[in-house]
1. Can you list residues from other chains, or at least 5 along the same chain, whose modelled amide H is less than 5 Å from the amide H of PHE27?
2. For the chain, treating each Cα as an identical point scatterer without solvent, what Debye log10 I(q)/I(0) comes out at q = 0.27 1/Å?
3. Given a Förster radius of 22 Å and the C-beta distance between ARG32 and THR2 as r, what FRET efficiency does 1/(1 + (r/R0)^6) yield to the nearest 0.05?
4. How much FRET efficiency would the formula 1/(1 + (r/R0)^6) give for VAL45 and SER22, where r is the Cβ-Cβ distance and R0 is 30 Å, rounded to 0.05?
5. Given H placed 1.01 Å from N in the peptide plane, which residues other than close sequence neighbours of ILE11 have an amide H under 5 Å from its amide H?
6. Can you compute the helix-only [θ] at 222 nm over the chain? Use -39500 (n - 2.57) per DSSP H run of at least 4 residues, normalise by all residues, nearest 500 deg cm²/dmol.
7. Show me, for region 31-44, the HN-Hα J-couplings you get by feeding each phi into the Karplus relation (A = 6.51, B = -1.76, C = 1.60, θ = phi - 60°), rounded to Hz, glycine and proline as x.
Amino acid sequence: MTKLSDLGPPITGKRHGGQPPSPRDHFYKCRRCGQLVDRQDLRQVIWHEQPEHEPLEMDA
Ligand SMILES: [Zn+2]
């Protein structure tokens, strides 16, 4: 299983239009593997955009 830390240091993205009202809004469920993805960490977003991938091991 690929670890989150294997993808390198955190890449934090800024949300357009300011911060969302709830921290829960930072997360969405991946359509392919079903894992919750943190939108604020572009490593996770990019990983889950791949056509073929498995859930990340969240070690970071
Ligand atoms: Zn996924």
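Just so it is clear, none of the values below were taken in a lab; they were calculated from the coordinates. Worth saying up front: this structure is predicted, and the values here are computed from it rather than measured. Cβ atoms come from the backbone with ideal geometry, glycine included; neighbour counts cover every protein chain shown.
1. Placed amide hydrogens put ARG39 under 5 Å from PHE27.
2. Here the Debye-derived log intensity ratios amount to -1.23.
3. Numbers: r = 14 Å, r/R0 = 0.63.
Efficiency for this residue pair is about 0.95.
4. Numbers: r = 19 Å, r/R0 = 0.62.
It comes to 0.95.
5. Under 5 Å from the amide H of ILE11 lie the amide H atoms of LEU42, ARG43, each far enough along the sequence or on another chain.
6. Values: 1 runs with 8 residues, N = 60.
Calculated from helices alone, the mean residue ellipticity at 222 nm is -3500 deg cm²/dmol.
7. Along region 31-44, the couplings run 6, 8, 10, x, 7, 6, 10, 8, 4, 6, 10, 5, 4, 5 Hz.
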